[in-house]
1. Regarding T69, is this residue over 29 Å from A31 (Cβ atoms) and surrounded by 13 or more Cβ atoms within 10 Å (Cβ to Cβ)?
2. Take the residues in the stretch 79-111 that are surrounded by 11 or more Cβ atoms within 10 Å (Cβ to Cβ) and of a type in the set (S, T, N, Q), then tell me which one is modelled with the highest pLDDT.
3. Inside the stretch 41-148, counting only helices (runs of 4 or more DSSP H) that do not spill past its ends, which hold 1 or more residues that are touching a Gly at 6+ places or on another chain (Cβ under 9 Å)?
4. Are there any pairs with C-beta distances below 9 angstrom linking a residue in the stretch 62-89 that is without any contact (Cβ under 8 Å) to a residue 60 or more places away in the chain and more than 14 Å from T111 (Cα to Cα) to a residue that is in a helix (DSSP H, G or I) and of a type in the set (S, T, Y), with the two at least 6 apart or on different chains, and if so which?
5. Would you point out the residue of the stretch 112-148, among those that are small (G, A, S) and closer than 30 Å to I92 by Cα, that is surrounded by the most Cβ atoms within 10 Å (Cβ to Cβ)?
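The values are calculated or read from the model by the stated rules, or taken from the named source; none is laboratory data. Model, not experiment: these values are computed from the prediction. Virtual Cβ from ideal backbone geometry, glycine too; neighbours counted across all protein chains shown.
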Amino acid sequence: MARAEGPARLPSGIAGALSGAIPLFSFVAAALFLRSERVTAVRLLGVGLSFVYARRFLSGLPIPAAALTTYQMGFGLFILLTVTSFDGITEIGSDTRASIALVVGLGLMGTGVAYILYYFIVRELGAVTASDTTYIPPVVALAIGWLAVGEPLLWWDAVAVLAILAGVVIIRFGSRPSPAASD
């Protein structure tokens with residue numbers, strides 16, 4: 001049986017940075033190699049405007065972040081149920097640990113908490129600052145690699161972490177978002 005070894009062969013910080021850049025890589029690759037998925041103005045805007053959209057049209061609503069998250073995940077589930085094949089679903093359902101891990105670990109703790117934090121940050125700090133949170137996962141991945149896996153920290157890792165954190169701080173304190181009501 002083949003297994004994926006890419007992330008196991010890369011330092012955690014690099015793997016974290018690459019996983020965060022997957023939407024951008026996919027967009028560029030599709031533009032270069034898939035004639036059926038042309039680059040359009042709408043797609044180009046969509047690559048970077050989700051935070052702005054959430055700030056402008058969603059976070060100002062009198063709905064708690066947990067409710068927005070529930071609605072978004074519920075609508076997403078409904079759409080997936082209409083277009084997804086259920087082949088093999090019984091394999092997951094027959095393993096209690098897999099089912100619990102799927103629902104609690106990935107759904108609730110992963111996606112659920114991430115979206116609640118996303119809407120909170122967009123509402124409280126603004127779209128630009130919220131989008132800067134995407135720079136943090138490589139730092140966390142680097143720390144996990146060092147603490148949990150024993151990967152060495154090199155001088156350029158420290159330089160990269162400092163650059164990332166400095167960029168986040170500069171953007172955070174360089175501009176204060178206007179109140180949500182003015183959006």
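1. yes
2. S99
3. 50-53, 65-83, 96-100, 113-125, 127-132, 136-144
4. From residues that are without any contact (Cβ under 8 Å) to a residue 60 or more places away in the chain and more than 14 Å from T111 (Cα to Cα), the pairs are I63/Y71; I63/Y119; P64/Y119.
5. A141
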